[in-house]
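Enquirer: Just passing along the structure, written as structure tokens.
The values are calculated or read from the model by the stated rules, or taken from the named source; none is laboratory data. From a predicted model like this one, the values you see are computed outputs, not experimental measurements. Every residue, glycine among them, receives a Cβ derived from its backbone with ideal geometry; neighbour counts consider all protein chains shown. Heavy atoms of the whole protein, side chains included, go into the accessibility calculation; ligands, DNA and RNA do not. Shrake-Rupley method; radii C 1.70, N 1.55, O 1.52, S 1.80 Å.
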Amino acid sequence: MEIIRTLTSETLREQIINGGLLIVVILFGILLIRGIIKEVRTRERMENLAEELATANARLHMLDQQKTEFVSIASHQLRTPLTAIKGYSSMLLEGSFGQIAQEKMREAIDRIFDSSQRLVVIVNDLLNVSRIEHGRMKYDFNTFDMRQTAETVINETRPLIEKKGLIFNAVITNDNYKITADSGKLSQVIYNLLDNAIKYTPQGSISFEMKKNQKGNLLMSIKDTGIGIPKTEIGKLFKKFSRAKDAARTSTTGTGLGLYIVDKIIQAHKGRIWAESDGKGKGSAFYVEVPMNVL
Ligand code: ADP
């Protein structure tokens, strides 16, 4: 259009104005085309990057699955020999193969038994984490008496607490504890919290309390006079592989998985778990609140 107008202009003035306009239009056109080319190239690059990212993501996902699968298979493989070690050392201690000749031998077998028990806990934790990550953690909700469940764990744990020279107090208030939940998983929660209390309490006492709170929910607390937890670390304890700074000094065997699993179990029960401590050396308290009927 502008070309035709420039060529057909009659006066010089018109020709200059139209010629100027033509140059502006051409420049504008060039800029526009360059902009479009640039945009097309950027889009192409973005598309390539997105494709690469998707491939890398898929590969990472696959690697992650393989890792979890590996942990799961390795843990399953470890379980069988471990059960044999634990079983035979336990039978030796009970005298099933005759009297143990010397006290030193008893101590050695005792250590084998304790270590195998710890390994069982670690292997089970690893298996549980891989189940949680695959969404394969199974829950079996039934109606049962929570008092019985708690008492069973308490009776099993009491000897371990007393063996360490700690005082143990357990109080269960006189309430009705008929609950709909997963009994095995709630046992695991209490066992885990008591086990931690034992691990992180060099001296003093441990107490367990179970009651119903004002909301009618089940409320359990496990308190100890142990190493305590620095305020800055309390929030992190329920994360995977998380251990407070001083934990390894008191207990070298921890993996930092126990509370992560416990938290997931309590979440599946629509409950909550939290920790309180006045700080380092001031003891710790763990609280678990669960509704009486999760369904
Ligand atoms: P771990 O195998 O390390 O015990 P957990 O997930 O059970 O893993 O606990 C995570 C961390 O929380 C521990 O490493 C420790 O730092 C802290 N913790 C748990 N229970 C107690 C407790 N009773 N007293 C002090 N610290 C605790």
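Enquirer: I'd like the full set of residues that are of a type in the set (Ser, Thr, Tyr) and either on the phi > 0 side of the Ramachandran plot or more than 8 Å from the ligand (Cβ to nearest atom) (or both), limited to region 251-272.
Expert: Selection gives 252 alone.
Enquirer: A further question on this structure: I'd like to check something: does region 10-24 contain any residue that is in a helix (DSSP H, G or I) and exposed (fewer than 10 other Cβ atoms within 10 Å of the Cβ)?
Expert: There is at least one residue in region 10-24 that is in a helix (DSSP H, G or I) and exposed (fewer than 10 other Cβ atoms within 10 Å of the Cβ).
Enquirer: For residue 85, state whether it is part of a helix (DSSP H, G or I), within 28 Å of residue 258 (Cβ to Cβ) and open to solvent by 80 Å² or more (accessible area, probe 1.4 Å).
Expert: It is true that residue 85 is part of a helix (DSSP H, G or I), within 28 Å of residue 258 (Cβ to Cβ) and open to solvent by 80 Å² or more (accessible area, probe 1.4 Å).
Enquirer: Hey, can you tell me all the residues within region 215-238 that are more than 9 Å from the ligand (Cβ to nearest atom) and in contact with a Phe, Trp or Tyr (Cβ under 8 Å, 6 or more places away or on another chain)?
Expert: 218, 219, 220, 221
Enquirer: Out of all the residues in region 94-102, is one or more in contact with a helix residue (DSSP H, G or I) (Cβ under 9 Å, 6 or more places away or on another chain) and part of a helix (DSSP H, G or I)?
Expert: No, that holds for no residue.
Enquirer: Now, a different point. What number of residues within region 240-264 satisfy the criterion of being under 10 Å from the mean Cα position of the chain (by Cα) and among the hydrophobic types (A, V, I, L, M, F, W, C)?
Expert: Adding up the residues that qualify gives 5.
Enquirer: Spot the failing condition for residue 241; the list is (1) of a type in the set (Phe, Trp, Tyr); (2) at pLDDT 95 or above; (3) open to solvent by 20 Å² or more (accessible area, probe 1.4 Å), and only one is missed.
Expert: (2)
Enquirer: Still on this structure, I have one more. Looking only at residues in region 180-205 that are more than 14 Å from residue 265 (Cβ to Cβ) and open to solvent by less than 10 Å² (accessible area, probe 1.4 Å), which one is nearest to the ligand (Cβ to nearest atom)?
Expert: Top of the filtered list is 197.
Enquirer: Hey, among the residues in region 268-287 that are in contact with a helix residue (DSSP H, G or I) (Cβ under 6 Å, 6 or more places away or on another chain) and within 14 Å of residue 190 (Cβ to Cβ), which one's surrounded by the fewest Cβ atoms within 10 Å (Cβ to Cβ)?
Expert: For region 268-287, the residue satisfying everything is 273.
Enquirer: Sticking with this one: Would you check if residue 265 is assigned to a helix (DSSP H, G or I), of a type outside the set (Ser, Thr, Tyr) and farther than 27 Å from residue 138 by Cα?
Expert: The answer is no for residue 265.
Enquirer: Quick one: residue 161 ticks every box in (1) out of contact with any Asp or Glu (no Cβ under 9 Å at 6 or more places or on another chain); (2) open to solvent by 40 Å² or more (accessible area, probe 1.4 Å) bar one, so which box is it?
Expert: The single condition residue 161 does not satisfy is (2).
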